[in-house]
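Worksheet: one structure, shown below.
What follows is calculated from the coordinates using simple rules that are stated; it is not laboratory data. A quick note: this is a predicted structure, and the numbers were derived from the prediction, not measured. Every residue, glycine among them, receives a Cβ derived from its backbone with ideal geometry; neighbour counts consider all protein chains shown.
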């Protein structure tokens, strides 16, 4: 799924406030761990634990820190170059290999410095500053994905356990039918086939319970991926799953805060920074060399001053082409961002509509389908006890009721998954709107 962060700076670089925040979150999570042992593991506690354990967030912080250090380095002029040499040393004749006898022989020491233009240095530093902002936006995206996946795992375990518990309850009730069938058979009011049918119904429910247990174990494993060993602890209270933070009226404006869109926006700014560098490169830099040359004692020493200026004699095929390429890259990033925004809006709107439809279907299950299935089972049991119905009708009604209850839980689980995907498009704490039913 698709899925802003803040930082403070000092002259020496980024303030390591994230480490302090991580420590506070870790201490809070430890306190929360002791609390949920008694109250159960809530979704909010699971989200905090997942954030504390995440290494993806640490990686994004390190990437941002590295980019800011590179920005400082890129804003400096190149180091000066020290030059040492012997010029015009004779290689034959009476003065061969003598550094002092020939008047042209010089022992030289010099320093060369390139004076990079200030606008170039700012452009190069700005490019890495934008890279740091990409990493910060990437951290927000990683956090949104982490919260979404943790919420999905928590909800999956919740509903898998509900399915299992419901099946256990139905099995306990179905076992009573075995006793009733046995009694009817012994009293001559039923057949042995009815007894086997009742036992078969219980065996089928047992098989579904075993399957549900396996799904519960899988859900716990998925949750442990994010929060560790506490994934096996009992779950706590369920959040309000009938409210989301998005509305179709201003969905595009709300998704402007979407972390993936923010990342693409920052990538567009990186491309623009590279275009600024290409624009600055159209102006040449000057290199200055100062050299002191020592000759033999009979001759004067010398000082040389050289200035080097690159000749951009083919700008239209080099610098202009490079600038055009960088500007085209900016346009590419902008177009990709706009297309991604449209795709996210359409996908979020579809999920929002599906979530609302599922909520309406849940209301229908609660108001009519589930009560009707329950009453059918009760009526079949009453008729069977009064010798006006068959055990087959009872078992069929109970099977239909179980299917209805399971389907209702599956529907509720699907709606809850959509709720998690919608609610964590933007990380918790970056609310774009008030919750909406």
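Provide the gained length on full extension for the span residue 299 to residue 367, in nm with one decimal, where the gain is 0.36 nm per separating residue minus the Cα-Cα distance.
13.3 nm
Figure the gain on full extension for residue 44 and residue 118 (residue separation times 0.36 nm, minus the Cα-Cα span) and round it to one decimal in nm.
So the extension gain works out to 21.7 nm.
Can you give the percent of C-alpha pairs in the range 311-390 whose distance is more than 17 Å?
Here the long-distance tail beyond 17 Å is 74 percent of all Cα pairs in the range 311-390.
At 7 Å along Cα-to-Cβ for each site, give me the label-to-label distance between residue 104 and residue 73 in nm.
The answer from the label model is 4.5 nm.
Could you compute how fast the chain diffuses translationally, taking Rh as the Kirkwood radius over C-alpha pairs and applying Stokes-Einstein at 37 °C with viscosity 0.692 mPa s? Give it in µm² per second.
The estimated diffusion coefficient comes to 114 µm²/s.
Size of the range 132-210 along its principal axes in angstrom, Cα-based, largest extent first?
Result for the range 132-210: principal-axis Cα extents of 83, 15, 12 Å.
If you average the alpha carbon positions of the range 81-116 and of the range 265-293, how far apart do those two centres end up, in angstrom?
34
Taking Cα atoms of the range 341-387, Rg/Rh with Kirkwood Rh, to two decimals?
Value, to two decimals: 1.46.
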